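S.K.: Sharing a structure with you now.
The values are calculated or read from the model by the stated rules, or taken from the named source; none is laboratory data. Quick caveat: nothing in here was measured; it's all calculated off a predicted structure. Cβ sites come from the backbone with ideal geometry, for glycine too, and all protein chains shown count toward neighbours.
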Amino acid sequence: MPMAPDAPLSPLRTLARDDAPAIAYHKLDGKGPGVVFLGGFMSDMTGSKALALEEHCRKTGRAFLRFDYRGHGESEGRFEDGTIGLWAEDALAAFDDLTKGPQVLVGSSMGGWIMLLTALARPERIAGLLGIAAAPDFTEDLMWEAFDESIREQILREGLYHQPSEYDDSPYPITRALIEDGREHLLLRNRIPLTCPVRLLQGVEDLDVPWRTATRISEQLQSEDVEITLVKAGDHRLSEPQDLQRLCATLDRLIETLVG
């Protein structure tokens, strides 16, 4: 059963950029298609899913990349200065500079949105997609639409609202820039022109991303090869040992369909 190791499996490296904050990353060389992990909102590349995937790719000899967006984890920059568009730029920079050939993108929560944006930017290099509680459009559908009028007014007036989080002792800073930029990258209002195989893992007990979001993604994707796995007792993180085992098994089955 795949488990997250106690320490990183590959050395920490940095992708320097002249016009943007440096990106911290861990990378394994190996066979293709490679695997790229895209983390969630205020998460980082040391989470259990990222580490379990790296361990699994190491054992199977597959190339793997995990990294932190600007303002996350070990990367440069302030979280408050980030937006969906800027984090998508970070992902594309890492994808272009640190990977070669076909790739399978694995996106967790917000990373599922970044995963789709990256695939739309580089469709010719995307072999497949695997979303874990994928949350495209969350700044609009799961934040702005859920905020009451007083919170909306505070964001518009002050440019910042600190949202309590059950995952962290510190609240999440929600900026006006995050909300307004998110509207420039909404995907679920229109057809998503991606034709690669897609697998979506979603907990029914997820209190952050409703399980119906997975069906909305499936409906909007152009691809006919889309499978949704609903985990009845699954929460948002899907990080229990059985969840990590399911994640790695789903990745293996997806890659089998790609390489035969």
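S.K.: Got at least one residue in the stretch 227-234 being within 18 Å of the chain's Cα centre (by Cα), within 24 Å of MET42 (Cα to Cα) and either buried (at least 16 other Cβ atoms within 10 Å of the Cβ) or without any contact (Cβ under 8 Å) to a residue 60 or more places away in the chain (or both)?
M.R.: yes
S.K.: Looking at PRO210, PRO193, PRO123, can you tell me which residue is in contact with a Cys (Cβ under 9 Å, 6 or more places away or on another chain), surrounded by fewer than 21 Cβ atoms within 10 Å (Cβ to Cβ), modelled with pLDDT of 95 or more and not β-branched (Val, Ile, Thr)? Break it down stepwise before answering.
M.R.: Working: PRO210 fails: in contact with a Cys (Cβ under 9 Å, 6 or more places away or on another chain); PRO193 fails: in contact with a Cys (Cβ under 9 Å, 6 or more places away or on another chain).
Among PRO210, PRO193, PRO123, only PRO123 is in contact with a Cys (Cβ under 9 Å, 6 or more places away or on another chain), surrounded by fewer than 21 Cβ atoms within 10 Å (Cβ to Cβ), modelled with pLDDT of 95 or more and not β-branched (Val, Ile, Thr).
S.K.: Just to check your reading of the model, which residue among LEU254, LEU258 is buried (at least 18 other Cβ atoms within 10 Å of the Cβ), assigned to a helix (DSSP H, G or I) and out of contact with any helix residue (DSSP H, G or I) (no Cβ under 6 Å at 6 or more places or on another chain)?
M.R.: Details: LEU258 fails: buried (at least 18 other Cβ atoms within 10 Å of the Cβ).
That would be LEU254, the only listed residue that is buried (at least 18 other Cβ atoms within 10 Å of the Cβ), assigned to a helix (DSSP H, G or I) and out of contact with any helix residue (DSSP H, G or I) (no Cβ under 6 Å at 6 or more places or on another chain).
S.K.: Follow-up question, since we're still on this one. Between residues in the stretch 51-78 that are on the phi < 0 side of the Ramachandran plot and residues that are basic (Lys, Arg), which pairs lie under 6 Å by C-beta distance while being six or more apart or on different chains?
M.R.: Hits for this filter: ARG62/LYS31; LEU65/LYS27.
S.K.: Which members of the stretch 155-201 meet the condition of being hydrophobic (A, V, I, L, M, F, W, C) and part of a loop (DSSP other than H, G, I, E, B)? Give the steps one after another, and end with the answer.
M.R.: Residues of the stretch 155-201 that are hydrophobic (A, V, I, L, M, F, W, C), as a first pass: 155-156, 160, 174, 177-179, 186-188, 192, 194, 196, 198, 200-201.
LEU186, LEU187, LEU188, LEU194, CYS196 - these are the residues of the stretch 155-201 that are hydrophobic (A, V, I, L, M, F, W, C) and part of a loop (DSSP other than H, G, I, E, B).
S.K.: Mind checking which residues of the stretch 141-158 are surrounded by 12 or more Cβ atoms within 10 Å (Cβ to Cβ) and within 18 Å of PHE41 (Cβ to Cβ)?
M.R.: ASP141, LEU142, MET143, TRP144, PHE147, ILE151, ILE155
S.K.: Can you report the number of residues in the stretch 69-109 which are out of contact with any strand residue (DSSP E or B) (no Cβ under 7 Å at 6 or more places or on another chain) and of a type in the set (Phe, Trp, Tyr)?
M.R.: Going through the stretch 69-109 one residue at a time, the tally reaches 2.
S.K.: Given the conditions (1) small (Gly, Ala, Ser); (2) surrounded by fewer than 18 Cβ atoms within 10 Å (Cβ to Cβ); (3) touching a strand residue (DSSP E or B) at 6+ places or on another chain (Cβ under 9 Å), which single one is not true for GLY203?
M.R.: Result: GLY203 fails condition (2) only.
S.K.: If you don't mind, there's one more thing I want to ask. Of the numbered conditions (1) among the hydrophobic types (A, V, I, L, M, F, W, C); (2) assigned to a helix (DSSP H, G or I); (3) closer than 21 Å to LEU142 by Cβ, CYS248 satisfies every one except a single condition; which is it?
M.R.: Failed condition: (3).
S.K.: Quick one: GLY112 ticks every box in (1) more than 21 Å from LEU51 (Cα to Cα); (2) touching a strand residue (DSSP E or B) at 6+ places or on another chain (Cβ under 8 Å); (3) part of a helix (DSSP H, G or I) bar one, so which box is it?
M.R.: (1)
S.K.: Another question, then. Among SER239, SER218, SER165, SER150, which is the only one that is among the polar types (S, T, N, Q), without any contact (Cβ under 8 Å) to a residue 24 or more places away in the chain and more than 20 Å from LEU116 (Cβ to Cβ)?
M.R.: Values: SER239 fails: without any contact (Cβ under 8 Å) to a residue 24 or more places away in the chain; SER218 fails: more than 20 Å from LEU116 (Cβ to Cβ); SER165 fails: without any contact (Cβ under 8 Å) to a residue 24 or more places away in the chain.
Step by step, each of SER239, SER218, SER165, SER150 is checked, and only SER150 is among the polar types (S, T, N, Q), without any contact (Cβ under 8 Å) to a residue 24 or more places away in the chain and more than 20 Å from LEU116 (Cβ to Cβ).
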